[in-house]
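A short worksheet on the structure shown next.
Computed from the coordinates by the stated procedures, all read-outs in this text should not be read as laboratory data. None of the values given here were measured: they were computed from a predicted structure. Because the Cβ atoms are built from the backbone with ideal geometry, glycine has one as well, and the counts that use them run over all protein chains shown.
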Amino acid sequence: MQKGIEEILDRLIAEINKGKSVEDCLREYREYAAELRPLLELFEQIRGLPMPEPDSRRVASTQRKARTLIEEKRKVKSFSIRDIFVLSPALVRITAVVVLVLLATVTTVMLSADSLPGDALYSVKLLAEDVQYFLTFDAEGKARLHLMFADRRTNEFACLVQPGIPIHRDLLADMLNETGLAIDRIELLSEEEAAQLIAHAEACNHAQLSLLEETMEQVCEDDRVTVREAIETCMEQHKCIECLQNGNGMDETDCPCEGP
Amino acid sequence: MKRDIGRDELAAIICQAKQGEESALAELCTYVYGQIYAFLYYRVPRPEDAEDLTSDVVLKIVRALKRQRGNFHAWIYRIARNRLIDFYRKRGVRSEVSLGDVPEKELTKSEDISKQIMTKEKLRKGLQQLTDEQRQVIILKFVEGYANNEVAAIVGKSVGAVKVLQYRALRALREYFSRRGYAEGH
């Protein structure tokens with residue numbers, strides 16, 4: 001009922017706006033006339049009021065202020081990085097792609113740090129090492145990297161060794177090879193530069209030797225020869241490190257690494 | 001009556017003003033000033049207050065014009081309403097009702113008053129008796145001439161709710177004027 005009145009009132013207001021009189025409107029709704037008449041008359045009176053007119057001088061003054069505001073904004077507006085992106089949506093897309101690729105690369109490399117041979121991310125780990133080596137230009141840095149890689153291979157080998165399971169021969173070769181390359185690099189350094197690295201190489205070689213001796217007791221018959229050869233290589237590398245420690249340097253006759 | 005700019009024309013003016021075209025900006029200022037002034041006129045005690053507030057609102061609108069999205073009218077009236085709330089808050093008044101401003105003679109019921117015609121001042125006093133939403137509907141629809149759907153977009157209600165608000169507002173006004181001796185007759 002009430003909702004009906006609201007609808008009717010609205011309809012009659014629309015009729016009055018079109019030019020119909022209140023009486024004509026109410027003729028269709030006699031049953032509501034008593035309630036609607038005063039409301040429609042009130043509406044007519046409000047509608048009849050002149051629209052409040054602002055002071056034209058204030059309008060003009062506001063227009064001037066608005067113009068000044070816009071001009072100041074234009075002057076103040078300086079070049080910002082944000083403008084580049086607003087002007088060039090393509091640049092936004094390229095930047096977004098580059099950032100995403102960088103993020104994905106960094107995340108993958110971080111995740112690959114603990115991977116072992118056979119894991120999906122192990123190749124990423126080796127690739128990251130290659131890149132790191134490629135981007136290192138000084139001899140001392142390269143020697144440090146070889147020692148770091150040798151430590152990593154040693155740890156990986158230790159993780160993979162299990163009684164009765166064939167050893168990872170490539171990994172073993174890499175482990176010894178990295179130590180050998182480190183020794184070669186250290187030899188080219190001055191005494192001061194070499195001192196700390198020699199200690200590191202000695203520790204690395206010692207760890208490898210201990211690991212191989214432990215491994216010897218666990219490996220199957222087929223791998224025993226390989227591990228024995230690896231132990232011999234370790235011992236030869238130990239002699240090379242001793243030569244470096246004594247400050248004798250290595251020549252082709254002294255150093256067992258060089259071979260006959 | 002109230003608005004003599006068509007919807008398409010207004011959209012074009014807004015677009016040009018956003019791009020910083022001076023003539024469009026001036027035209028938009030004039031249009032918005034008129035709309036907002038009429039909206040605020042009945043909601044503040046003095047016409048000078050309406051002028052000050054309107055000027056502030058128009059400058060706010062110009063400042064933020066580039067960021068404007070969606071319904072333009074809903075946006076400008078929202079800014080005006082916020083400025084109005086701020087105005088009353090600064091004055092330490094919680095609502096727009098201020099019967100202290102009503103001259104004593106207007107509050108006295110008499111036969112003569114019932115024969116008076118509606119004036120802007122009387123409507124202002126009457127509107128102060130309504131709720132905020134009722135007041136907005138009366139001003140936007142009866143004073144500014146917006147259609148129901150436009151009012152609904154501005155006040156954020158459905159068209160049905162606007163009709164209900166319109167009915168209740170007219171009833172409340174009628175009761176107020178009857179009590180004050182200003183009846184529907186002339």
* Asked: What FRET efficiency comes out for the pair B:Q19/A:A33, r = Cβ-Cβ distance, R0 = 45 Å, nearest 0.05?
  -> 0.25
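If the limit is 24 Å between Cα atoms, which of B:K18/B:K90; A:K65/B:K66; A:K73/B:K60; A:K125/A:K239; B:K60/B:K163 go over it?
On the way: B:K18/B:K90 32 Å; A:K65/B:K66 17 Å; A:K73/B:K60 13 Å; A:K125/A:K239 31 Å; B:K60/B:K163 31 Å.
Beyond 24 Å: B:K18/B:K90; A:K125/A:K239; B:K60/B:K163.
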* For the stretch B:2-65, state which GluC sites (Glu not before Pro) are in a DSSP loop and have at most 16 other beta carbons lying within 10 Å of their beta carbon. => B:E21
* Only loop residues by DSSP count here, and only those with at most 13 other Cβ atoms within 10 Å; note down the trypsin sites (Lys or Arg not before Pro) in the stretch B:1-94 that meet that. => B:K2, B:R69, B:R91, B:R94
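In square nanometres, what is one fourth of the surface area of the convex hull spanned by the alpha carbons of the protein assembly as shown? If you can, show how the numbers build up before the last one.
Numbers: hull surface 159.9 nm².
Its Cα hull, projected and averaged over all orientations, spans 40.0 nm².
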* Structure fact -> Under the Karplus relation with 6.51, -1.76 and 1.60 and θ = phi - 60°, whole-Hz ³J(HN,Hα) for the stretch A:168-173, x at Gly and Pro, equal 8, 5, 4, 5, 4, 5
* Quote the relative contact order of chain A in percent (integer), defining contacts as alpha-carbon pairs under 8 Å separated by 6+ residues. => 11 percent
* Nearest-0.05 FRET efficiency for A:S115 and A:A199, computed from C-beta distance (R0 25 Å) -> 0.30
* Asked: Based on the mean of other beta carbon atoms within 10 Å per residue, what is the order of B:122-132, A:154-164, most packed first?
  -> B:122-132, A:154-164
* Taking the Cα-to-Cβ direction at A:K20 and at A:E242 and moving 7 Å from each Cα, how far apart do the two end points lie in nm? -> 11.8 nm
* Part-to-part distance (alpha-carbon centres) for the stretch A:82-161 and the stretch B:46-92, which is given in Å -> 56 Å
* Asked: Residue by residue through the stretch B:151-167, which ³J(HN,Hα) values in whole Hz follow from phi under the Karplus form 6.51 cos²θ - 1.76 cosθ + 1.60 (θ = phi - 60°), with glycine and proline marked x?
  -> 4, 4, 5, 6, 8, x, 10, 7, 4, x, 5, 5, 5, 5, 4, 4, 5
* To do: Specify the inter-centroid distance of the stretch A:207-234 and the stretch B:152-172, based on alpha-carbon positions, in whole Å.
  => 91 Å
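Please work out whether the stretch A:20-163 counts as rounded, prolate or oblate from its C-alpha gyration tensor, where a ≥ b ≥ c are the square roots of the eigenvalues and a/c under 1.5 means rounded, while otherwise a/b larger than b/c means prolate and anything else oblate?
Numbers: a/c = 7.56, a/b = 2.66, b/c = 2.84.
In terms of gyration-tensor shape, oblate.
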* Given a Förster radius of 60 Å and the C-beta distance between B:R67 and A:N155 as r, what FRET efficiency does 1/(1 + (r/R0)^6) yield to the nearest 0.05? -> 0.55
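If you take the alpha carbon radius of gyration of the stretch A:123-254 and divide it by 2.2 N^0.38 Å, what ratio comes out, to two decimals? Mind dumping the intermediate values first?
On the way: Rg = 15.2 Å, N = 132, 2.2 N^0.38 = 14.1 Å.
Dividing the Cα Rg of the stretch A:123-254 by 2.2 N^0.38 Å gives 1.08.
Tell me the relative contact order for the stretch A:127-179 as a rounded percent, counting alpha carbon contacts under 8 Å between residues six or more apart.
Contact order relative to length: 39 percent.
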